[in-house]
There are 2 protein chains.
Amino acid sequence: MQNLLLPLHHIKTDNRASLVTNKRIINIRRIIGSRKLDGFLITDIKNIRYLTGFTGSSGFLIITKNNNLFFTDFRYKEQAEAEVTGWEITIEKGRRTKLIAGVAKKLAIKKLGFEQSITFEFYDLLRAKLPAVPSPQKNLVENLRKIKDEEEIGSIKKAVERAEEAFLAVKPKIRPGIKERDIALRIEDQLKKRGCKRPAFDIITASGKNSSMPHARPAEKKIEKGDFVIIDWGGEADGYYSDMTRTLLMNGKGLSDKIRIYETVNNARKKALSSAKEGIKTEDIDAAARDVIKKAGYGEFFGHGTGHGVGLDVHEHPRVSWTGSERVRNGMVFTIEPGIYIPKLGGVRIEDMILVKNGKAELLTGLNRDLEIIN
Amino acid sequence: MQNLLLPLHHIKTDNRASLVTNKRIINIRRIIGSRKLDGFLITDIKNIRYLTGFTGSSGFLIITKNNNLFFTDFRYKEQAEAEVTGWEITIEKGRRTKLIAGVAKKLAIKKLGFEQSITFEFYDLLRAKLPAVPSPQKNLVENLRKIKDEEEIGSIKKAVERAEEAFLAVKPKIRPGIKERDIALRIEDQLKKRGCKRPAFDIITASGKNSSMPHARPAEKKIEKGDFVIIDWGGEADGYYSDMTRTLLMNGKGLSDKIRIYETVNNARKKALSSAKEGIKTEDIDAAARDVIKKAGYGEFFGHGTGHGVGLDVHEHPRVSWTGSERVRNGMVFTIEPGIYIPKLGGVRIEDMILVKNGKAELLTGLNRDLEIIN
C-alpha cells in the first residue's frame, strides 16, 4: 500500500435535510464567514463529536460555505456510517496533511482556519503542503460549547446523578481501616454499574497527609482516625461528564484546626456560589472564594483556580481563576471548588457544579456539603 | 494573586551525584550539544517521567549544558519532592511561557529546542516571549525511548504477566450469552486486582459484526454462536504498558470462511514474526504480514499497520507499517498485529509483543494463538 493521496472515496452522499436543523453547524458557518475563512479544519475530537455525533477517537472535519466534510480512518468506517449524518464521509488513506491539501485544492480553499490545539508538528507539515499559510483560530468551537443546550444539560444531569448514586453506595465504607485505593475502585465499579462508559477521570481518594496533595492518586494507605479524606470523582452520560469533590473528616484527637479549615473552605464555597450570576467576571468568582481563604490566613494554601467548565471535556471553558476575565453567561456549566492544602496536616476541597440559568446559579450537584465527622 | 512571573522558588538544590549515573540525561545532553542547542524544553509528560521518574500529570523540564531544571505546579509539590532527585525543582506560578522566557533570559539561552508535540497555541505564545525563535526537535527523547533497558523490559514483562493472568481468569466466561461489556469489565477488574493502576487503554471486546470494526467499543451485545470475539487489552506496571489481542471463534454453522480468515491472519503473524530481526526495515515486517493477507485475497480488509512500539505509551515508536522505514535495533519492543475485518461477517486480529534481543525477536506475550473454537 503506498503512502499516496488516493482518490476521495465517498461512502455516503450528504443529507442536507438534517443540516438545516443543526444549529451548531449553522453557528460555526456564521463565524467562519465573519472571519473571512474559506474553510475551517477541525481536529479536536470533542469538537468533532459536538458537531457530528461521532464517538470514535480519530478523524477530522473541513467545513466550507457549502460543504460538510467528515474524515476518519478505516477502523471507524462502519461506526461513522452509523453515527454521522449530514456529512460527506471519506475514509482517510495516506498522510492527513496531503489529504487536506488535496481537498483545499479541489475546493479552492485559500484561507484555511485551524484549531490552535493541533501540534506544532502537524502545523508545520500542513503549512508546507498548503498553498497559503493556514490561519489559527482560538477556541472557535470551544466558545460555542461553553453554552449548553437543553439536551446537553440533560446529559450532564444524568452524569451527576450516576456519580452521586455511586458515591452514596460507597460512602458507608469510608471509615478508618479501608484503603484509599479500595474506595476508588468501589466508586469506579458503581459508576460503571450505572452506565458510565468510564469514570470522568482517575478517581482521587486522598487521606491524611496525602490529602494535602490536591491531585494525589489513591494509594495502599489505610484511612486513619483524624484523617481528612478527599474524594474527587465524576460520572459520564452520553459523552458528557460530571465532576465533584467531598471531604470527610474521620473522628480523632485534636480536630479543632481541621474543623476551622473545613469551615473556611465551606464559607469560601458559599461566597463563590452566591457571587456566581450572569454578567459577573469569572475572576470575581475566584476572588470571592479566595478572599475568604486569605482572610482566614490560609491564602498560600489555595494554589489552584476556583473552577472550570465541564461538558464533553472534564476541564473546558470557562476557566474560573485569577486569570479568567470572561463574563458569565446563561447556559454555562462550571465547577466551584475552593480548597486548602496544608503539607503534613492535610487538605480539604469541596466541589460543586453549577448551571447559570435565568441569570442565576443553579446547583447541579447535591449531597451534603457540611462537615461530617465519621466515627 | 496576580498573573505575574514570580521569583523562582527553589525548593531543593540539585543532587549531582545521581546525575552521573543517569545515562538517559547524559544521552540527552550529548544530543543537545550535537544539535548546538543552548537548552531543550521538554513538555511531553512521558518523556518527563522517563528522565526524572516523576509520575504526576503536569510539568516541564529545561535541560542545558549545566542545569537540570524541573517545573511543576502547586498540586504536585510534595509528589515532586518525593520522586524527583538530581533536578532543581521549581513550582510554577503564572503563565508557563513567561516562566520559560524568564529562565531563558537568566541562563542566556538563545537557541531553545522544543518538542514538536506542543500545541500550536503554546508554540505561538512561546515564540512571542522568547528573544529568538525556538527550534523544533523531532522525537529527540522518543528516539532514546525506543531502546528499552533492562529495568524497562522488566516492567513491561510484569505488565504482560498481569494482562495474561487477567485474561486467563476471564477466558472461561467468554461464551455465547455473555455481553461484550461484561467481558471488558471483568478483565479490567482482574487487571486492577493484579496491581495495574489502570488498563493500558479502554479494553476492546467485539463480537460478530462488531468484530469487523477494529476499534469497536464493548456493547450490550451478547456473544452469539458463530461469532468471532476479538479481545484487545493491556496491562500496566511501573508506568509501562502491555498490549495484546486474541480472537476466539464461537462454534456455530458455516464456519469454513471464518476458519480460513483466522488461518490467514495467523500465517501473516508468523511471517511477520520470523521476519523481525535486527537490521530489517520496519516496513519489511509490515510487508511480510501484508503479503500473506493479499495473496489470500483479503488485502483490502487489512487497513491498519502491522505494529507499534510499546512502553511508557501504549503506542510509541517505532511504527511498523508501510510508512515506516527505520531499521530494527536490539532493545526495541513492539507489537505484531495483523488483522482481517470483513464488514457484516466479522474480524480477526492476533497481536503479540516482541523484544529484539541479540539480533532476534523474542516473544514477550504467550497465550495460545492457534484457532480455538468455543462450544
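The values are calculated or read from the model by the stated rules, or taken from the named source; none is laboratory data. Owing to the predicted nature of the structure, the values given are computational and were not obtained by experimental measurement. All Cβ positions, even for glycine, are placed from backbone atoms using ideal geometry, and neighbour counts span all protein chains on display.
Numbers for the structure displayed
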item: Among (1) in a loop (DSSP other than H, G, I, E, B); (2) in contact with a strand residue (DSSP E or B) (Cβ under 7 Å, 6 or more places away or on another chain); (3) over 19 Å from B:Arg127 (Cβ atoms) - the single one B:Leu37 does not satisfy; result: (3)
item: From A:Gly234, A:Gly195, A:Gly226, residue being over 19 Å from A:Val348 (Cβ atoms) and either in contact (Cβ under 8 Å) with a residue 24 or more places away in the chain or within 11 Å of another protein chain (Cβ to nearest Cβ) (or both); result: A:Gly195
item: Hey, A:Arg269 in contact (Cβ under 8 Å) with a residue 12 or more places away in the chain, surrounded by fewer than 19 Cβ atoms within 10 Å (Cβ to Cβ) and away from chain B (no Cβ under 14 Å) or not; result: no
item: Selection status of B:Lys209, touching a Ser or Thr at 6+ places or on another chain (Cβ under 8 Å) and at pLDDT below 95; result: no
item: Close pairs (6 angstrom Cβ cut-off, 6 or more residues apart or separate chains): aromatic (Phe, Trp, Tyr) in region B:241-256, part of a loop (DSSP other than H, G, I, E, B) anywhere; result: B:Tyr241/B:Ala200; B:Tyr241/B:Gly234; B:Tyr241/B:Val310; B:Tyr241/B:Val314
item: Leading residue by the ranking (farthest from A:Thr335 (Cα to Cα)) among those in region A:272-289 that are touching a residue at least 40 places away in the same chain (Cβ under 8 Å) and in contact with a helix residue (DSSP H, G or I) (Cβ under 7 Å, 6 or more places away or on another chain); result: A:Ala289
item: Number of the exception - B:Pro199 against (1) part of a loop (DSSP other than H, G, I, E, B); (2) at pLDDT 95 or above; (3) touching a Leu at 6+ places or on another chain (Cβ under 6 Å); result: (2)
item: Residue check, B:Ile231 of a type in the set (A, V, I, L, M), under 20 Å from the mean Cα position of the chain (by Cα) and not assigned by TED's automatic domain parsing to the domain that holds B:Gly53; result: yes
item: Of all residues making up region A:98-126, the number that are within 17 Å of A:Leu69 (Cα to Cα) and β-branched (Val, Ile, Thr); result: 3
item: Looking only at region B:181-203, and only at residues there that are surrounded by fewer than 22 Cβ atoms within 10 Å (Cβ to Cβ) and hydrophobic (A, V, I, L, M, F, W, C), the one that is farthest from B:Glu337 (Cα to Cα); result: B:Leu185
item: Positions within region B:99-121 being under 18 Å from B:Ile31 (Cβ atoms), more than 13 Å from every other protein chain (Cβ to nearest Cβ) and buried (at least 21 other Cβ atoms within 10 Å of the Cβ), in sequence order; result: B:Ile109, B:Leu112
item: In region A:159-180, the residues that are more than 22 Å from A:Val310 (Cβ to Cβ), buried (at least 19 other Cβ atoms within 10 Å of the Cβ) and either of a type in the set (A, V, I, L, M) or modelled with pLDDT under 95 (or both); result: A:Ile174
item: Where B:Ala132 falls short, out of the listed (1) modelled with pLDDT under 95; (2) within 14 Å of chain A (Cβ to nearest Cβ); result: (2)
item: Selection from region B:345-355 of residues that are touching a helix residue (DSSP H, G or I) at 6+ places or on another chain (Cβ under 6 Å) and either surrounded by fewer than 24 Cβ atoms within 10 Å (Cβ to Cβ) or away from chain A (no Cβ under 11 Å) (or both); result: B:Gly346, B:Val348, B:Ile350
item: Residues (in contact with a Phe, Trp or Tyr (Cβ under 9 Å, 6 or more places away or on another chain), buried (at least 22 other Cβ atoms within 10 Å of the Cβ) and in a helix (DSSP H, G or I)) located in region B:275-291; result: B:Thr282, B:Ile285, B:Asp286, B:Ala289, B:Arg290
item: All positions within region A:128-164 that are among the acidic types (Asp, Glu) and either touching a Cys at 6+ places or on another chain (Cβ under 6 Å) or over 28 Å from A:Gly102 (Cβ atoms) (or both); result: A:Asp149, A:Glu150, A:Glu151, A:Glu152, A:Glu161, A:Glu164
item: Some residue of region B:49-65 being buried (at least 24 other Cβ atoms within 10 Å of the Cβ), away from chain A (no Cβ under 14 Å), farther than 15 Å from B:Ile109 by Cα and touching a residue at least 60 places away in the same chain (Cβ under 8 Å); result: yes
item: Of the criteria (1) in a helix (DSSP H, G or I); (2) away from chain B (no Cβ under 14 Å); (3) buried (at least 24 other Cβ atoms within 10 Å of the Cβ); (4) not hydrophobic (A, V, I, L, M, F, W, C), which one A:Ser211 fails; result: (2)
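To keep it simple, each residue is scored yes or no on (1) within 14 Å of chain A (Cβ to nearest Cβ); (2) surrounded by 19 or more Cβ atoms within 10 Å (Cβ to Cβ); (3) under 20 Å from B:Gly56 (Cβ atoms); (4) among the β-branched types (Val, Ile, Thr).
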| site | (1), (2), (3), (4) |
| --- | --- |
| B:Glu81 | yes, no, yes, no |
| B:Gly86 | no, yes, yes, no |
| B:Arg95 | yes, no, yes, no |
| B:Arg127 | yes, no, no, no |
